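First up is the structure itself, then whatever we jot down about it.
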Amino acid sequence: MIAISDVSRAFKGTTVLDHLSLDIPAGQKVALLGPSGSGKTTILRILMTLETIDSGQILIEGVPMYDTASGTPHLLPENRLRPVRSRIGMVFQHFGLFPHLSVLDNIAFPQIFNGRARKADAKARAHDLLKTVGLGDKAYLLPDQLSGGQKQRVAIARALALQPDILLFDEPTSALDPQRVSEVLDIFNMIADTTGTTMLLVTHEMEFARRFADRILFFDHGQIVEDGPPEIVFTNPKDARTRAFLGLPS
Ligand code: ADP
């Protein structure tokens, strides 16, 4: 589903991704962990084409994101990138809802804007998705009339409305009260079970990662230093940096 090969990226001379390679098969639930500044969010932003790469290549379902003919990768032109982009959705840390649109219209608008559905169909789907995330009675409220956890669920419903094959989450629990975290976990597992969506999330919550992911990637200085199932990475990581981060004896 996602093939990242030998990708590097530097900002102002500082290497943020260092020859990173990573293959993610369809349907996998992946958590990206590691110290702040290790490049986790940059990877998500690159997949969303909000950021570019200095070298390497990325394929989404076998389709390249970059033209590498000249040696330096250039993002493909918009018309060729669109099919790739439409497969990927992202839920941002602070949700990014449109404050002046109702909850329902927040979910319906991107479908209409992207030409995915006519207004009536988009709204019908939005109603269905709101029920799915447990907010069937909030359709006509504005985002600011919702709690943080509810806004999070609207943002998830909006991303799901475009039926992406890949969903990216940046710190999905960081703006939530601890008691809301298990609700998010339930919704994530429901999405994975019912749609088979490939899911990548950046988190600093070890317990959330452990309960959600079937694969943990541990980042350090723009490289993946640990890659395995949670039961192994959390109890018996091979890399000294992971052991130190998890507070395990070296
Ligand atoms: P993480 O998600 O692991 O905390 P990030 O991927 O957000 O790390 O960032 C890695 C480093 O790259 C940080 O030092 C950050 O300040 C820097 N960085 C990220 N995006 C930009 C940018 N657009 N311009 C300059 N520096 C950036």
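Taken together, the values in this text are just the output of simple stated rules run on the coordinates, not laboratory data. Since the model is a prediction, treat every value here as computed from it, not as a measurement. Glycine also receives a Cβ, built like all others from the backbone with ideal geometry; neighbour counts cover every protein chain displayed.
Observations
- Net +/- balance of residues flanking ARG241 in space, Cβ distance below 9 Å, scoring K and R +1, D and E -1: -2
- Candidates THR72, THR203, THR14: whichever shows maximal mean-square fluctuation once the chain is modelled as a Gaussian network with Cα springs under 10 Å: THR14
- In the chain, the DSSP-assigned H stretches of four residues or longer account for a calculated mean residue ellipticity at 222 nm of -10000 deg cm²/dmol, using -39500 (n - 2.57) per stretch and the full residue count as denominator.
- For the set LYS29/LYS151; LYS12/LYS238; LYS29/LYS131; LYS29/LYS138, the pairs lying more than 27 angstrom apart at their alpha carbons are LYS12/LYS238; LYS29/LYS138.
- Stokes-Einstein translational diffusion, segment 24-106 - Kirkwood Rh over all Cα pairs, 0.890 mPa s, 25 °C, in µm²/s: 163
- Listed residues VAL91, VAL63, VAL202, most fluctuating in the chain (Gaussian network, C-alpha, under 10 Å): VAL63
- Virtual spin-label span in nm between HIS100 and SER250, 7 Å along Cα→Cβ: 5.6
- Å³ per residue enclosed by the Cα convex hull of the chain: 130
- Gaussian network model of the chain, springs between alpha carbon atoms under 10 Å - residue of GLY222, GLY37, GLY148 with greatest fluctuation: GLY37
- Over all other residues within a Cβ to Cβ distance under 14 Å of TYR66, the charged ones net out to -2, with Lys and Arg as +1 and Asp and Glu as -1.
- If you wrap segment 177-217 in the convex hull of its Cα atoms and look at it from every side, the mean projected area works out to 3.0 nm².
- For segment 203-219, backbone phi angles converted through the Karplus equation (6.51, -1.76, 1.60; θ = phi - 60°) give residue-by-residue couplings of 8, 10, 8, 4, 5, 4, 4, 4, 7, 8, 7, 9, 8, 10, 10, 10, 9 Hz, Gly and Pro being listed as x.
- Solution diffusion estimate, µm²/s, Stokes-Einstein, segment 123-250, Kirkwood Rh from C-alpha pairs, 20 °C, viscosity 1.002 mPa s: 133
- Net charge contributed by nearby residues that have their C-beta within less than 10 Å of GLY89 (K/R +1, D/E -1): +2
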